[in-house]
Amino acid sequence: MEFALLNGNIIKRSDAKIDIEDRGYQFGDGVYEVIRIYNGRMFTIDEHLNRFLKSAESIGISIPFTSLQLKELLDELLLKNNLETGNIYMQVTRGTAPRNHLFPSGDIMPTLVAYTIKGVRPLESLKSGVKAILTEDIRWLRCDIKSLNLLGNLLAKQKASEQGCFEAIQHRGDDVTEGSSSNIFIVKNGTVITHESNHLILKGITKDVILDICVINNIPVQERTFSVAELEEADEVFLSSTTAEVMPVVEINGKKVQSGVPGHTTRKLQELFEKEIENQCGVLLR
Ligand SMILES: *Cc1c(COP(=O)(O)O)cnc(C)c1O
């Protein structure tokens, strides 16, 4: 039997039901996290819980659990679902109230849900890389919040998929921002470059792990805006996310990135990233 977390209780997944006037359902009024599980253990869990609480706070939702309580509940959920490799999906909405754009007055209970999803690592793509398209970033100006409102992201990803690609690399005019559900990196002359974490992108936890790895291993790294032209002339391109890890991008808009195979720095970062996974979660099956 599968279980889910609903407002602090671990219940049968099929018993987890949400009201039709939940503000997440009607407005996307909430925030979420995806947490990677390796060997039954949560990777970078503190970072995910911190971001979850911060995202919620930034839209005025106060989660009635501490980070520690959430961690214990998620651990229990993992154990009950016997999850070895996969993800935890967790979201919180402002709660249930008669439909009105205004925040409900008085204290309403946020709706907090978490469940598990089985899923292996994308080993084949990690090895040979993925294709991407370029598309204008049409999203709002608070992309730093991991909001449930994902229409802009969905339209971009769908467009990529319809062109046989894994991801859509978004740009605002000349500036590359991020993928539909990933952060974008380029490598030029040995320097790793990625958009600074501001309101235009989601501050990825995988991105931050990669930045730390670069600093610790003396790999030159810059957090700054880079242009579409720089992307097109890059030596290497890769993307990062909780589920995609350090994923080489080998083709953009039908044009190969250099010779069309994952680059040296990207492969080095993949290796170092795997080491970090193993530090936290134990030895990976390959
Ligand atoms: C979640 C997400 C990312 C990646 O963040 P991780 O914490 O590394 O999974 C990047 N961009 C967007 C828009 C996202 O929603």
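The values are calculated or read from the model by the stated rules, or taken from the named source; none is laboratory data. Owing to the predicted nature of the structure, the values given are computational and were not obtained by experimental measurement. Quick reminder, even Gly has a Cβ in these numbers, built from the backbone with ideal geometry, and neighbours come from all protein chains shown. What goes into the accessible areas is simple: the full protein's heavy atoms, side chains included, and nothing from ligands, DNA or RNA. Shrake-Rupley method; radii C 1.70, N 1.55, O 1.52, S 1.80 Å.
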(message) I'd like to check which strands (runs of 3 or more DSSP E) are fully inside the range 147-200 and have at least 2 residues that are within 23 Å of Val92 (Cα to Cα), at pLDDT 95 or above and among the aliphatic types (A, V, I, L, M).
(response) none
(request) For Ile88, state whether it is part of a loop (DSSP other than H, G, I, E, B) and assigned by TED's automatic domain parsing to the domain that holds Asp46. (result) no
(request) Consider Ser62 carefully, then state whether it is surrounded by 18 or more Cβ atoms within 10 Å (Cβ to Cβ) and among the small types (Gly, Ala, Ser). (result) no
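Conditions (1) open to solvent by 90 Å² or more (accessible area, probe 1.4 Å); (2) within 16 Å of the ligand (Cβ to nearest atom); (3) touching a strand residue (DSSP E or B) at 6+ places or on another chain (Cβ under 9 Å); (4) within 30 Å of Ser259 (Cα to Cα), marked per residue:
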residue: Ile45; (1), (2), (3), (4): no, yes, yes, no
residue: Leu78; (1), (2), (3), (4): no, no, yes, no
residue: Lys118; (1), (2), (3), (4): yes, no, yes, no
residue: Arg121; (1), (2), (3), (4): no, yes, yes, yes
residue: Lys127; (1), (2), (3), (4): yes, no, yes, yes
residue: Val130; (1), (2), (3), (4): no, yes, yes, yes
(request) Evaluate the range 170-183: report whether one residue or more is free of Cβ contacts under 8 Å to residues at least 12 places away in the same chain, open to solvent by 20 Å² or more (accessible area, probe 1.4 Å) and within 14 Å of the ligand (Cβ to nearest atom). (result) no
(request) List every residue pair whose Cβ atoms sit under 7 Å apart, with the two residues 6 or more apart in sequence or on different chains, where the first one lies in the range 91-106 and is of a type in the set (Lys, Arg) and the second, anywhere, is surrounded by 10 or more Cβ atoms within 10 Å (Cβ to Cβ) and not in a loop (DSSP other than H, G, I, E, B). (result) Arg94/Arg23; Arg94/Gly30; Arg99/Gln26
(request) Out of the residues in the range 207-237 that are of a type in the set (Asp, Glu), touching a residue at least 12 places away in the same chain (Cβ under 8 Å) and under 28 Å from Ile277 (Cα atoms), state the one that is least open to solvent (accessible area, probe 1.4 Å). (result) Glu236
(message) Being at positive phi, surrounded by fewer than 16 Cβ atoms within 10 Å (Cβ to Cβ) and touching a residue at least 60 places away in the same chain (Cβ under 8 Å) is the requirement here; does Gly164 meet it?
(response) no
(request) Have a look at Ala229, Ala244, Ala234 and point out the one that is within 11 Å of the ligand (Cβ to nearest atom), among the small types (Gly, Ala, Ser) and at pLDDT 95 or above. (result) Ala244
(request) Test Ile210 against the stated conditions and say whether it is under 30 Å from Glu162 (Cβ atoms) and touching an Asp or Glu at 6+ places or on another chain (Cβ under 8 Å). (result) no
